[in-house]
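A.B. asks: Structure incoming, see below.
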Amino acid sequence: MAEVRLEGITKSFGGKTVVNDLNLTIEDQEFLTLVGPSGCGKSTTLRMICGLERASEGNIFFDGKPVSWLPANKRDVAMVFQSYALYPHKTVRQNIGFALKMMRVPKATIEEQVLQAARTLDIEDLLDRKPRELSGGQRQRVALGRAIVRDAGAYLLDEPLSNLDAQLRVLMRAEIKRLHVDVARTFIYVTHDQVEAMTMSDRIAVMRDGVIQQCATPGEIYERPANRFVASFMGSPPMNFVTGELADVDGVRTFRSGALSQELGRYDVSPDDPAVVLGVRPEDVTLSPTPVAGYQPGKVFVSEPLGPDVLVTVRIDGELLKARVPVPFRLGHDSTVYVGFNQNRLHLFRASDDTALHAPQRV
Amino acid sequence: MSTVVKVPLRYRIPWKKIVLYVLAVVFALYLVLPFYWIVAMSFMHEVDAISVPPHWIPVHPTLENYLGFIHPSEAQQLVGGRAIDETPYSLRNSLIVATSTAILNLALATFAAYSFSRLKFRGSQVLLMLYLLTRMVPGIAIIIPFYLLMRTFGLLDTYLALILSYTTFALPITIWILKDFFRSVPRELEEAARVDRCGWFRTMWSVFLPVAAPGLVAAAVFAFMTAWNEFMFALFLTSTRAAKTIPVVAANFATDFNTQFTVMAAAGVLAVVPPLALALLFQRKLVQGMAAGSVKG
């Protein structure tokens, strides 16, 4: 069991900084997810924690002990690789038990622990097969088995689900989450999939260009994104953004952008610069076929049925906004529709630096 | 309303296939016939072997050519300066020299190729090209310096002279073969081994080298063949049965005065057996895609 602490971690490759002054503490037994687009430095961070890369600057501590100079084989970590990296010449049994063998664990104990891991992952009948005889999902389980058989302080998972098909991904997502509960260890998970991050984590660290943008619980990340990047990255379909400015209309704080005018209700903010970006999640947009007070007229651009609800793209004053509305939605293309925003769930960002002005809280 | 259009079925002569098969057969014959002829001849009497038109199948099959290597007849002994006596020794010498060359080559090339495949260092490309360049020099051009060098070190007519020479021939190519093969071994496998508590040496021994086995086998077989088939250096650097290899001895069956085709053929067949066995033994390993399934497929 381990608390993992990163202090001022910077990593550069030939003059290019991929991780910049990163500070993060991952609590013991926590499930923390590093999420961000490709090239944001999340995998590099994980590899530094693992010991496969050495930080250019900064220190890494496991339970308060510095480990920055320890190679991977001397750190108390287990890792699941994106490509699984199963040993092709070894059977599943040997793959899972390999680390224990290297740690000179008695043979009988290895056998017992391998069986236990296989039972947990439901791969007992695959133990004598070679990796090439396994399907993608089975390989993924073996890779997990190779990690959980170890009594490691921290388990590092580098996009372990990215090579699976959508259905299996959903299944394995739940299994990994359950595994975390069962083994009760620190899990550090890297993904570019915000759904995985939202569904599995205790906390999420959203990264961009080697810098953590926000580290908080999934709920907080979703409800109170620290900046426009976090707001757009977390959530699918992404948040709608409209650039405009703040103004007082008849003494009411209002957001204005062209023909669009939206009262801000309780979000009474007064930044130095009135130029702001309004953010609304698609599920906070409501549509009405008839005029409603405070709603803006627009035209249906396209509607995409998702099953339980419909994703409707509406054009208002040249801007395209996405709305997620319940079925049935019967308006055809180019029909006039009236668009309203849930006033309690608006987000405002400074236009100058994209930081959140006043992250609204759910009421 | 729909109409069904009937397309008449017409048999087309598959010319492309026919031409392809004929070419394949011709090419196979071109490769196999000389080998067949040497095998057939090794079971013939000298008279049948040189008869015109030739007998493609031995009419009076005999083992006397092979038995001659154990108990040569007086007539056989006269040919080629006791070549028949020397054949068993030369086979032993060839085996020792070729095996040693293969092992030494593999040991050196593995380290070199690993460095080229995994490390980035200044001049690596130039160095690789330089290795290949050494193979552009014809053997005849360097044989005199080699001879003088070996004489100075007192290595003439020893295995070591041959092993060292052949290693210089085979090493550049084996490094190239292995370098490309090692690059195809996923780096994550080594990283996984590191995380699984292996040090560098253990990672190499337990994970990297077994995964790279097909490449290592290919490189070893190449080095073995290079040493096994080499003629010119063996001719210059050896003089007695202590180190003479089979190509040199086999060539001795043809002299200015006489040539014993059938015994020469038998020696040739014996010379082919070890490399052939080696190729068959490792055939699976050679073609096996060991890395399949290790990473996402």
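Coordinate-derived values only; no laboratory data. Fair warning: this is a prediction, and the values are worked out from it, not measured in the lab. Don't worry about glycine lacking a Cβ; one is built from the backbone with ideal geometry, like all the others, and counts go over all protein chains shown.
A.B. asks: Do any of A:Lys11/A:Lys42; A:Lys16/A:Lys65; A:Lys16/A:Lys42 go past 19 Å between their Cα atoms, and which?
C.D. replies: Details: A:Lys11/A:Lys42 11 Å; A:Lys16/A:Lys65 29 Å; A:Lys16/A:Lys42 15 Å.
With Cα atoms farther than 19 Å apart: A:Lys16/A:Lys65.
A.B. asks: Straight-line reach from A:Lys299: which lysines have Cα under 20 Å away, leaving out those fewer than 8 places along the same chain?
C.D. replies: By straight Cα distance, A:Lys299 reaches A:Lys322.
A.B. asks: Of the residues A:His347, A:His333, A:His180, which exhibits the maximal mean-square fluctuation in a Gaussian network model of chain A defined by a 10 Å Cα contact cut-off?
C.D. replies: Judging by the Gaussian network model, the answer is A:His333.
A.B. asks: With each label point set 7 Å from Cα along the Cα-Cβ vector, what nm distance links A:Glu112 and A:Ala293?
C.D. replies: 7.4
A.B. asks: Next up: Over chain B, with a Gaussian network built from C-alpha contacts below 10 Å, which listed residue (B:Leu95, B:Leu23, B:Leu155) shows the highest mean-square fluctuation?
C.D. replies: Comparing B:Leu95, B:Leu23, B:Leu155 in the GNM, the peak value goes to B:Leu23.
A.B. asks: Identify all aspartates and glutamates with a Cα-Cα distance to B:Lys244 below 16 Å; exclude those on the same chain that are fewer than 8 residues away in sequence.
C.D. replies: Here the aspartates and glutamates satisfying the reach criterion relative to B:Lys244 are B:Asp85, B:Glu86, B:Asp157, B:Glu230.
A.B. asks: Moving to a separate point now. Across peptide B:210-222, how many C-beta atoms of other chains are within 10 Å of each residue C-beta, on average?
C.D. replies: On the way: counts 4, 4, 1, 1, 0, 0, 0, 0, 0, 0, 0, 0, 0.
The per-residue average across the peptide is 1.
A.B. asks: Which peptide among A:141-148, A:169-176 comes first, and what is the full order, when sorted by highest mean count of other Cβ atoms within 10 Å?
C.D. replies: On the way: A:141-148: 25.2, A:169-176: 16.5.
Output ranking for A:141-148, A:169-176: A:141-148, A:169-176.
A.B. asks: Between A:Asp309 and B:Lys285, with labels modelled 7 Å along Cα→Cβ, what's the label distance in nm to one decimal, could you check?
C.D. replies: Placing both labels 7 Å beyond Cα along the Cβ direction yields 6.2 nm.
A.B. asks: Taking a ≥ b ≥ c as the square roots of the Cα gyration tensor eigenvalues, with a/c under 1.5 meaning rounded and otherwise prolate when a/b beats b/c, else oblate, which class fits the stretch B:76-287?
C.D. replies: Judged from the Cα gyration tensor, the stretch B:76-287 comes out prolate (a/c at least 1.5, a/b above b/c).
A.B. asks: Could you tell me whether the protein assembly as shown comes out rounded, prolate or oblate from its Cα gyration tensor? Rule is a ≥ b ≥ c as square roots of the eigenvalues, rounded for a/c under 1.5, then prolate if a/b exceeds b/c, otherwise oblate.
C.D. replies: On the way: a/c = 3.08, a/b = 2.25, b/c = 1.37.
It is prolate, given that a/c is not under 1.5 and a/b is the larger ratio.
A.B. asks: About the Cα centre of the stretch B:76-287, what is the dipole size in debye to 20, counting +1 per Lys and Arg Cβ and -1 per Asp and Glu Cβ, all else neutral? Display every interim value, and only then the final one.
C.D. replies: Values: 17 positive and 10 negative charges, 127 e Å.
It works out to roughly 620 debye.
A.B. asks: If you don't mind, another one. Would you kindly give the portion of the calculated P(r) for the stretch A:289-330 that falls above 12 Å, as a percent of all Cα pairs?
C.D. replies: 60
A.B. asks: To continue, here is another question. Quick one: order B:Phe224, A:Phe255, B:Phe282 by neighbouring beta-carbon count within 10 Å, fewest to most.
C.D. replies: Values: B:Phe224 27, A:Phe255 23, B:Phe282 17.
Ranking B:Phe224, A:Phe255, B:Phe282 by Cβ neighbours within 10 Å, fewest first, gives B:Phe282, A:Phe255, B:Phe224.
A.B. asks: Which of the helices in chain B meet the span-like rule: DSSP H, Cα axial reach of 27 Å or more, Kyte-Doolittle mean at least -0.5? It would help to have the intermediate numbers written out before the result.
C.D. replies: On the way: long enough: B:15-42 (40 Å, 1.79); B:83-118 (50 Å, 0.58); B:159-184 (35 Å, 1.09); B:261-281 (30 Å, 2.24).
Within chain B the helices that satisfy the rule are B:15-42, B:83-118, B:159-184, B:261-281.
A.B. asks: Next question. For the stretch A:123-197, with only Lys/Arg (+1) and Asp/Glu (-1) charged at the beta-carbon, what is the dipole magnitude about the Cα centre, in debye rounded to 20? Intermediate values should be presented prior to the final figure.
C.D. replies: Details: 12 positive and 12 negative charges, 19 e Å.
Approximately 100 debye in magnitude.
A.B. asks: Could you sort the peptides A:241-249, B:42-50, B:260-268 by per-residue average Cβ neighbour count (10 Å cutoff), highest mean leading? Let's see the in-between values first.
C.D. replies: On the way: A:241-249: 15.4, B:42-50: 18.1, B:260-268: 24.6.
My ranking of the peptides, most packed first, is B:260-268, B:42-50, A:241-249.
A.B. asks: Next question. What is the sum of charges around A:Ser232, taking Lys and Arg as +1, Asp and Glu as -1, for the other residues whose C-beta is under 14 Å from the C-beta of A:Ser232? Please list the in-between numbers first.
C.D. replies: Details: positive: A:Arg208, A:Arg228, A:Arg281, A:Lys322; negative: A:Asp354.
With Lys, Arg at +1 and Asp, Glu at -1, the neighbours total +3.
A.B. asks: Could I ask something else about it? Please give the net charge around A:Met48, taking every other residue with its beta carbon less than 9 angstrom from that of A:Met48, where Lys and Arg add +1 and Asp and Glu add -1. Could you put the intermediate results ahead of the total?
C.D. replies: Details: positive: A:Lys11, A:Arg47, A:Arg54; negative: A:Glu53.
Residues close to A:Met48 contribute a combined charge of +2.
A.B. asks: Also, I was wondering about something else. Can you give the mean number of other chain Cβ atoms that lie within 10 Å of the Cβ atoms in peptide B:180-187? List each step's numbers first, then the result.
C.D. replies: Working: counts 0, 0, 0, 0, 0, 1, 5, 3.
Average neighbour count from other chains, rounded to a whole number: 1.
A.B. asks: May I pose another question? Taking the Cα atoms only, what angle lies between the long axis of helix A:136-148 and the longest principal axis of chain A, rounded to 10 degrees?
C.D. replies: 70
A.B. asks: Given the rule -39500 (n - 2.57) for each run of at least 4 DSSP H residues, summed and divided by the residues of chain B, what is its mean residue ellipticity at 222 nm, to the nearest 500 deg cm²/dmol? Please report the intermediate quantities before stating the final value.
C.D. replies: Values: 15 runs with 196 residues, N = 297.
Dividing the helical sum by the residues of chain B leaves -21000 deg cm²/dmol.
A.B. asks: Could I ask something else about it? Taking 8 Å as the Cα distance limit and 6 or more residues as the minimum spacing, I'd like the relative contact order of chain B as a percentage.
C.D. replies: Details: 308 pairs, mean separation 87.4, N = 297.
Relative contact order of chain B: 29 percent.
A.B. asks: Each label point is 7 Å from the Cα along the Cα-to-Cβ direction; what then is the distance between the points at B:Met129 and A:Val195, in nm?
C.D. replies: According to this spin-label approximation, the distance is 5.1 nm.
A.B. asks: Reachable aspartates and glutamates from B:Lys120, Cα under 15 Å, same-chain residues fewer than 8 places away excluded?
C.D. replies: B:Asp180
A.B. asks: Right, something else. Considering only the other residues whose Cβ falls under 11 Å of the Cβ of A:Glu175, what net charge follows from Lys and Arg at +1 and Asp and Glu at -1?
C.D. replies: On the way: positive: A:Arg141, A:Arg169, A:Arg173, A:Lys177, A:Arg178; negative: A:Asp122, A:Asp182.
Neighbourhood net charge equals +3.
A.B. asks: A further question follows. Which listed residue (B:Pro138, A:Thr199, A:Ala259) has the Cα farthest towards the positive end of the charge dipole for the protein assembly as shown, taking +1 on Lys and Arg C-beta and -1 on Asp and Glu C-beta about the Cα centre?
C.D. replies: Of the options given, the answer is B:Pro138.
A.B. asks: Using only the Cα atoms of the stretch B:1-152, build the gyration tensor, take square roots of its eigenvalues as a ≥ b ≥ c, and label the shape rounded, prolate or oblate: rounded if a/c is under 1.5, else prolate if a/b is larger than b/c, else oblate. Intermediate values should be presented prior to the final figure.
C.D. replies: Working: a/c = 3.16, a/b = 1.15, b/c = 2.75.
Oblate is the answer for the stretch B:1-152, as a/c is 1.5 or above yet b/c matches or exceeds a/b.
A.B. asks: Using a 10 angstrom cutoff on alpha carbons, build the Gaussian network for chain B and name the most mobile of B:Tyr159, B:Tyr30, B:Tyr131.
C.D. replies: B:Tyr30
A.B. asks: I would also like to ask the following. Averaged over A:132-139, how many beta carbons belonging to a partner chain fall within 10 Å of each residue's beta carbon?
C.D. replies: Details: counts 7, 1, 2, 1, 2, 0, 0, 5.
The per-residue average across the peptide is 2.
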